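Q: To start, I am sharing the structure in question, which I have written as structure tokens.
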Amino acid sequence: MIFAKYVFLLLLFVLVFVLIQSLLHVLIRQRKARYRLHYVKTSTFVARFSEYLGNRSSLFKHIKEMMESVESKMSMRGIMTVSFVLFLVGLLAGMLFFQTLKGVVIVTSICVSLPYMLLRLKLVSVRLQTRLEFLPAVEVFYQYYMVDPNKNMKMALKYCLEENRILYPIKPVFEQLYRNLMTQRDTEESLHIFSLTLGHTWADYFVGVMRVALTEGSFVGESLKDLIVDMRKAQRFDQLERNRLLEIRIANFTPILFLALFLFINFKVNTENAYLYYIVDPGGRNMILDALLLIFVSFLMGMYLSMRRM
């Protein structure tokens, strides 16, 4: 058993080294890719395969949109590399420590889903930070839109960003929308990413108003005014919803803290017996596995409730 423990530690060290080396390799390749010509980059097999997945796979497209929403610095290739390495880590950890099919499946599933869960948590964090700042930003945008003689959405967005009337933390979200619209990107896709980043009903209404103005060229001043009036009426309720979201996020981390505290107390009181029960004994390992599964499920439920309440 001691030999198996050392083998597990050695394999874990090798996997961590491979992970770090892979990440460095991805970063270096991204750095070099900036100096290549566009047609050289798009002609590679990996780029064509990624484009194929982006067009055919809804999961791949969903993850890519989430990465763009949170402005992740890691590429899709980096996410796939990290997920593959975590798959190997979970597989070996389940085989060497738990030594059961249940342990292998649970630990591998948790490890593989970690990058996606981190993206989700980052997206929820961005939504919490920008939730209360959305109304002031729309009010500023409405003022510039009404002042503009041509009633041009893009120009109004440009002027209010240039004059720093939209403040942090919601300013990067509007800057991203402006960049996407000005780079001749598909209007529907740009508005969808904006709505996904903010993730609440008011953002969907605002996107609907912008869609009409950008695609049909109609005057939407009255619609923006009605939206602002409705948002002001619902401002107090919005604050209560934000407090509930914070409570859900705090509750997500509570099981981890209790598990860590429980194990720390047991190892502190009697290290030898705790080692025999939680590490050597299959029943103790199974109890830890069940605890990890419950924590993982609680995280999924917390994220689901957070997304539903927004």
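The values are calculated or read from the model by the stated rules, or taken from the named source; none is laboratory data. None of the values given here were measured: they were computed from a predicted structure. Here Cβ is always computed from backbone atoms with ideal geometry, including for glycine, and neighbour counts include all displayed protein chains. These accessible areas exclude ligands, DNA and RNA; they are computed on the full protein's heavy atoms, side chains included. Shrake-Rupley method; radii C 1.70, N 1.55, O 1.52, S 1.80 Å.
Q: On average, how much accessible surface per residue is there in the range 75-200, in Å², for a 1.4 Å probe, leaving out ligands, DNA and RNA?
A: 46
Q: Another question, if that's okay. Heavy atoms only, probe 1.4 Å: what % of the accessible area of the range 97-240 goes to carbon and sulfur, would you let me know?
A: Looking at the range 97-240 in its full context, I get 55 percent from C and S.
Q: Keeping all protein chains in the complex and leaving out DNA, RNA and ligands, what accessible area do you get for Asp186 with a 1.4 Å probe, in Å² to the nearest 10?
A: Only protein atoms counted, so the area is about 90 Å².
Q: Related question: Sorting check: for 76-83, 224-231, 88-95, which peptide has the highest mean count of neighbouring beta carbons within 10 Å, and how do the rest follow?
A: Result, highest mean first: 88-95, 76-83, 224-231.
Q: Local charge sum around Leu289 (other residues, Cβ-Cβ under 14 Å, Lys/Arg +1, Asp/Glu -1)?
A: 0
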